[in-house]
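Readers should treat all values here as calculations from the given coordinates under stated rules, not as data from a laboratory. The structure displayed is predicted, hence computed values, not measured ones. Virtual Cβ from ideal backbone geometry, glycine too; neighbours counted across all protein chains shown.
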């Protein structure tokens with residue numbers, strides 16, 4: 001087996017090495033750069049879509065927050081309204097109840113007064129009658145004779161009437 | 001003792017002969033070059049297998065790192081408009097590096113053959129020239145040789161031609177010197193151990209003097225420089241010069 005010179009240019013080797021270099025460029029492009037570029041592009045796309053998703057989610061959250069705040073303030077307003085209404089209602093009703101109670105009390109009082117008056121009249125009349133009969137008895141005893149009730153009834157009544165006053 | 005450092009072996013010679021090109025010889029250089037290409041391509045295929053978008057493996061991280069390093073190197077030295085040069089520079093670096101380091105396996109580096117480096121340098125030289133012509137036109141390119149004054153033209157032509165020659169010879173010289181020095185060291189260590197063990201009298205000494213015991217250790221230390229350092233350094237320098245020259249050419 002022969003050898004080539006130590007320092008020499010061999011045309012065939014020279015040409016073959018140029019071709020080898022370009023074949024190597026092609027191979028390294030196909031088997032290293034292309035797959036890695038593809039995967040990097042995919043990752044980039046994924047990252048982009050994730051960022052877009054995040055932005056969208058943020059926007060959604062913002063809208064939701066606004067809606068929530070809106071409904072919260074609405075609810076607060078409504079609550080205030082309800083409380084105010086309830087308060088005024090209660091106020092009104094308590095006033096009604098109190099006035100009703102007052103009215104009832106006055107009625108009761110009036111009725112009681114009327115009753116008392118009636119009782120009083122009744123009692124006076126009773127007493128009048130009692131005194132009348134007692135007076136007739138006493139008068140009868142005093143004059144020792146039967147006084148005609150009809151004669152003196154008028155007199156006695158007059159007397160009692162005066163006494164009653 | 002005779003030391004013989006020779007060029008690449010010729011494994012196979014095609015029987016016919018072409019004019020100028022001579023006989024087609026399949027030399028050690030070519031065979032090992034193909035092996036180098038196979039190694040690089042296999043490596044690329046292995047590290048880019050089963051690539052995922054997320055939760056990547058160490059292999060994939062390595063593949064991405066290599067691609068990104070190549071991109072950073074080319075874009076950093078040449079600018080964004082030379083992105084299409086990335087695979088070329090990467091291939092050049094990988095081929096040069098693996099060719100240099102394959103000598104660690106006991107094979108003869110393809111880069112220990114001037115034809116290899118000359119081939120690369122010519123490709124780079126054509127790229128430089130093409131870039132110059134593309135930038136300033138053919139007339140502008142020719143005119144560039146007469147600057148700053150017409151008298152300088154021969155020197156400018158010479159310096160232009162010196163570019164590929166110096167690139168090729170720099171790389172080749174470094175690798176060859178490694179081989180030569182390695183050969184010398186192995187031979188001298190064999191001689192030294194033979195002389196040392198030859199001091200043992202009788203048949204034992206005669207037998208042991210053929211065992212180059214001193215060859216264990218020291219060559220490994222030297223190979224850190226001559227194989228690893230030089231191999232990596234020359235691959236890097238060659239690619240660095242390639243990118244620099246082409247980038248400069250585009251500046252007119």
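For chain B, state the semi-axes of the equivalent ellipsoid (square roots of 5 times the eigenvalues of the alpha-carbon gyration tensor), sorted largest first and rounded to whole angstrom. It would help to have the intermediate numbers written out before the result.
Numbers: eigenvalues 336, 142, 68 Å².
For chain B, the semi-axes come out at 41, 27, 18 Å.
Choose one answer from B:146, B:111, B:29: the residue with the largest mean-square fluctuation in a GNM of chain B with alpha-carbon springs under 10 Å.
Taking springs between Cα atoms under 10 Å, the residue moving most is B:146.
Helix A:11-28: angle to the longest alpha-carbon principal axis of chain A, degrees 0 to 90, nearest 10?
Computed tilt is about 10 degrees.
In the stretch B:118-252, how does Rg compare with the Kirkwood Rh, expressed as the Rg/Rh ratio over alpha carbon atoms?
Radius of gyration relative to Kirkwood radius: 1.32.
Could you work out the relative contact order of the stretch B:1-136? I mean the mean sequence separation of Cα pairs under 8 Å and 6+ apart, divided by the number of residues, in percent.
On the way: 95 pairs, mean separation 30.3, N = 136.
Once normalised by length, the contact order is 22 percent.
Find the relative contact order for the stretch B:10-249 and round it to a whole percent, using C-alpha pairs within less than 8 Å whose residues are 6+ positions apart.
Working: 224 pairs, mean separation 54.1, N = 240.
Normalised by residue count, the contact order of the stretch B:10-249 is 23 percent.
In whole Å, largest first, what are the principal axis extents of the Cα atoms in the protein assembly as shown?
On the principal axes, the protein assembly as shown reaches 201, 77, 42 Å in Cα extent.
Return the distance in nm (one decimal) between the two label points of a simple spin-label model at residue B:181 and residue A:106, each offset 7 Å from Cα along Cα→Cβ.
Label at residue B:181, label at residue A:106, 13.0 nm between them.
Please give the FRET efficiency for residue A:63 paired with residue A:98, using the beta carbon to beta carbon distance and R0 = 56 Å, rounded to the nearest 0.05. If you can, show how the numbers build up before the last one.
Numbers: r = 52 Å, r/R0 = 0.93.
In this case the efficiency is close to 0.60.
Taking only Cα atoms and a 10 Å spring cutoff, compute GNM fluctuations for chain B and point out the largest among B:232, B:32, B:213.
B:213
Using the Cα atoms as the points, what is the convex hull volume per residue of the stretch A:1-74 in Å³? Show your work: numbers first, answer last.
Values: hull volume 8.7 nm³, N = 74.
So the per-residue hull volume is 118 Å³.
Measure nothing but the geometry: give the 0 to 90° angle between the long axis through the Cα atoms of B:28-47 and the longest principal axis through the Cα atoms of chain B, rounded to 10°.
So the helix axis and the longest Cα principal axis differ by about 70 degrees.
So for the stretch A:41-142, what percent of the C-alpha to C-alpha distances run longer than 17 Å? Don't skip to the end; give the middle numbers.
Details: 4095 of 5151 pairs.
Pairs farther apart than 17 Å: 79 percent.
Compute the long axis of helix B:153-197 from its Cα atoms, compare it with the longest principal axis of the Cα atoms of chain B, and write down the angle in degrees, 0 to 90, nearest 10.
10 degrees
When the helix-only estimate is applied to chain B (DSSP H runs of n ≥ 4, each -39,500 (n - 2.57), divided by the residue count), what is the mean residue ellipticity at 222 nm, nearest 500 deg cm²/dmol? Numbers along the way, then the final one.
Values: 8 runs with 165 residues, N = 252.
Helix-only estimate at 222 nm: -22500 deg cm²/dmol.
Gap in Å between the Cα centre of the stretch A:4-51 and the Cα centre of the stretch B:110-130?
Going from one Cα centre to the other spans 17 Å.
Using only helices, what value at 222 nm comes out for chain A when you add -39,500 (n - 2.57) per DSSP H run of length 4 or more and divide by the total residues, to the nearest 500 deg cm²/dmol? All intermediate terms of the calculation are to be shown ahead of the outcome.
Numbers: 3 runs with 144 residues, N = 165.
Result for chain A: -32500 deg cm²/dmol, rounded to the nearest 500.
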